[in-house]
């Protein structure tokens with residue numbers, strides 16, 4: 001890399017940037033221009049030491065407004081060309097000294113804008129965001145307003161944010177509907193920066209026996225919370241205990257919670273989150289305000305996915321998005337996870353419907369159709385051939401069983417009795433598989449029984 | 001001298017012979033510098049391990065191939081000492097936790113904790129996470145799988161798990177949803193044939209296409225078995241002749257012979273004879289689900305379609321019960337006894353009809 005080349009490249013870069021920011025007429029340069037000059041100096045020496053250019057350009061963007069540097073550059077156009085011919089460092093220093101003087105003169109005419117100065121500083125300090133955060137975390141709603149579809153709970157939480165008292169909550173509903181997100185967003189809005197100290201989040205993967213409830217939760221609940229934040233602004237005087245996946249808590253642990261919940265109302269609010277409300281004991285449900293989270297509508301999921309695609313620069317087919325929405329069945333978390341996995345696996349390529357089917361481990365519809373058709377013929381050898389093929393292709397059997405069930409129940413050519421009988425076998429097969437029976441034998445059994453039923457009645 | 005299987009194992013993602021689209025996907029994944037936990041699943045001999053090693057090589061460079069064996073000690077809560085063999089390089093560690101039997105939970109927890117609590121020291125030019133490869137995840141107890149789910153989330157910053165399983169029916173949904181699942185289908189007969197030809201070309205052997213064909217069919221679409229068969233054939237007779245016999249594993253022949261005996265005579269006396277044969281198989285460590293599969297396939301050959309369905313029903317029932325119980329021999333024997341009675345009835349009926 002020679003000096004001339006790098007200078008030209010640098011200048012080009014500035015030109016480009018200048019075009020982008022030509023409309024930015026309000027710009028005024030920072031006051032600490034001397035620092036700036038020093039930085040630029042450092043920058044040029046870096047060039048001379050043949051460091052990576054891109055790195056340097058990045059530094060310069062942080063140091064100064066490009067338009068400013070451009071102006072500076074233009075006034076010294078002659079010197080630059082001279083400099084580029086002459087690689088002697090003493091000449092270089094002379095040039096920069098000269099430049100510094102001119103800068104002084106140039107800046108005297110300008111007003112110093114303090115705000116601009118702080119702006120410059122923050123741009124220098126800001127660190128790049130962690131690039132590999134899961135999108136599920138990245139696009140979690142930050143405020144209660146961002147929560148989609150769950151209107152009742154949002155309106156209640158808004159009242160709480162407006163100063164009303166917070167009751168104990170019990171959120172239930174299928175996975176991926178925003179239960180945890182909602183309460184976290186609410187807590188963040190209520191407590192601001194103190195949010196980490198004010199909540200205790202326990203989920204099923206934490207040890208959560210009766211002992212933990214007695215010690216950890218009680219201790220946390222007994223500490224009083226002040227009604228001001230560390231920075232002095234007001235804040236509600238209570239803490240929140242979030243018990244995620246509460247349905248996997250033991251009955252004894254739930255029972256231990258009863259009195260604690262009542263006794264500590266002064267300082268602590270509880271939020272229980274679960275999939276099935278029936279597995280929470282009655283005394284707890286009666287102490288909480290219950291909200292059901294319904295599965296998200298297809299439109300909502302679709303618009304979210306499109307938004308993420310746009311933000312992340314993912315090239316995704318419209319059909320592919322519809323397919324994701326289809327398989328997610330109202331579970332936004334799953335939809336986003338599938339999208340991210342696809343994007344990662346495909347690199348920069350376009351994501352198509354087939355990729356989605358492959359990655360989400362769906363079984364191609366044709367395969368299920370063929371299997372059921374060969375069952376209808378009820379020829380053992382044919383069925384056996386198909387089953388072997390499926391096992392070789394390593395399709396997850398639990399998925400196949402689910403899809404067979406879907407196919408059977410939505411079929412028009414079967415009678416209700418047939419459907420019921422087949423469903424019974426499907427249930428048996430699925431339960432056996434889960435308990436560790438071998439795939440080949442069980443699938444063969446299911447198909448043979450299906451064959452018999454289909455032949456008997458038709 | 002190493003076996004062909006190890007000698008010609010592809011070492012990098014570029015050199016893989018089939019599932020090329022998937023290889024490209026894996027490459028994309030590595031190029032982004034970071035990946036989620038992975039779960040590879042597919043039938044035996046389909047190349048799961050090969051893909052995992054190639055992925056690790058792509059990730060860390062040739063250093064992953066410098067392997068060493070390590071004996072790790074674990075202590076269960078009941079103070080029982082366990083020794084587990086692990087295979088490790090500087091970047092990854094590979095364990096088969098199901099070696100520990102019912103104590104696999106302790107192994108999983110301790111291992112991941114140990115590996116995850118040590119940070120990579122010189123992070124320059126290296127990944128800042130280690131990889132833990134767990135094989136035979138489908139044989140982990142439910143308890144261990146639940147423990148895994150907690151540890152997986154906790155230590156995501158310092159380690160990634162690559163899980164390897166034959167089928168994912170036995171893997172709990174919580175783990176499946178936390179991993180990116182990669183399906184590795186068995187290679188097709190055609191693919192196996194081309195690979196056999198490639199291997200023999202590299203060895204300087206002349207492999208007649210007919211023989212390759214028969215090896216591929218007999219290999220059960222298991223590439224490892226196919227290449228081993230090729231090597232056995234070479235040991236038996238070289239130069240190859242197209243009509244050369246392809247040796248099958250002797251346990252398979254033994255099992256087929258057993259099935260023939262079952263079909264030849266159905267009596268309590270025979271049942272006792274056969275019990276000894278099953279003991280023989282079990283002593284040699286033949287997996288029970290394979291015994292059931294081969295028996296089923298052999299026995300239904302001489303049944304009519306009505307009986308076939310019944311036999312399958314029986315096999316499914318006893319195979320399932322076998323997994324519930326702890327002594328496998330009862331269930332295999334129960335299946336055989338039931339089959340015998342069914343088959344005897346069937347024979348008598350057909351005699352009556354005539």
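Values quoted throughout were computed directly from the atomic coordinates according to the rules given, and no laboratory measurement underlies them. Please read all numbers here as calculations on a predicted model, not as lab measurements. All Cβ positions, even for glycine, are placed from backbone atoms using ideal geometry, and neighbour counts span all protein chains on display.
Points worth noting:
- Take each residue in B:296-309, count the other chain C-beta atoms within 10 Å of its C-beta, and the mean is 3.
- In terms of its C-alpha gyration tensor, the stretch A:359-425 has an oblate overall shape, because the principal axis ratio a/c (a ≥ b ≥ c, square roots of the eigenvalues) is not below 1.5 and a/b does not outweigh b/c.
- Order of A:250, A:388 - criterion: other Cβ atoms within 10 Å of each residue's Cβ, fewest first: A:250, A:388
- Contact order for the stretch A:347-423, expressed relative to its length and based on alpha carbon pairs under 8 Å spaced 6+ residues apart, stands at 31 percent.
- Overall shape: oblate for chain B, with the ratio a/c of the largest to smallest alpha carbon gyration tensor axis at 1.5 or above and b/c at least equal to a/b.
- Each Cα pair under 8 Å and six or more residues apart adds its sequence gap; the mean of these over the residue count of chain B is a relative contact order of 15 percent.
- In degrees, nearest ten, helix B:268-283 long axis to first principal axis of chain B (Cα): 20
- Whole-Å distance, taken between Cα centres, linking the stretch B:226-244 and the stretch B:315-354: 38
- Here the translational diffusion coefficient of the stretch B:1-140 follows from Stokes-Einstein with Rh set to the Kirkwood radius across Cα pairs; for 37 °C and 0.692 mPa s it amounts to 198 µm²/s.
- Angle in degrees between helix B:209-218 and the longest Cα principal axis of chain B, rounded to the nearest 10: 90
- Alpha-carbon centroid distance for the pair the stretch B:1-26 / the stretch A:301-331, whole angstrom: 34
- Choice from B:235, B:184, B:199 with maximal GNM fluctuation in chain B (Cα, 10 Å cutoff): B:235
- Whole-angstrom gap from the stretch A:371-448 to the stretch B:138-197, using each part's C-alpha centre: 23
- Sorted by Cβ neighbour density within 10 Å, fewest at the top, the residues A:249, B:247, B:352: B:352, B:247, A:249
- Order of A:307, B:69, B:340, B:152 under a 10 Å beta carbon neighbour criterion, fewest first: B:69, A:307, B:340, B:152
- GNM flexibility winner over chain B from B:172, B:329, B:93 (Cα, springs under 10 Å): B:329
- Three-way shape label, the stretch A:144-280, alpha-carbon gyration tensor, a/c 1.5: oblate
- To the nearest ten degrees, helix B:48-60 and the longest principal axis of the Cα atoms of chain B are 10 degrees apart.
- More than 27 Å apart - percent of Cα-Cα pairs taken over the stretch A:294-440: 35
- Compactness of the stretch B:144-285, expressed as Rg and Dmax over alpha-carbon positions, Å: 21.9, 63
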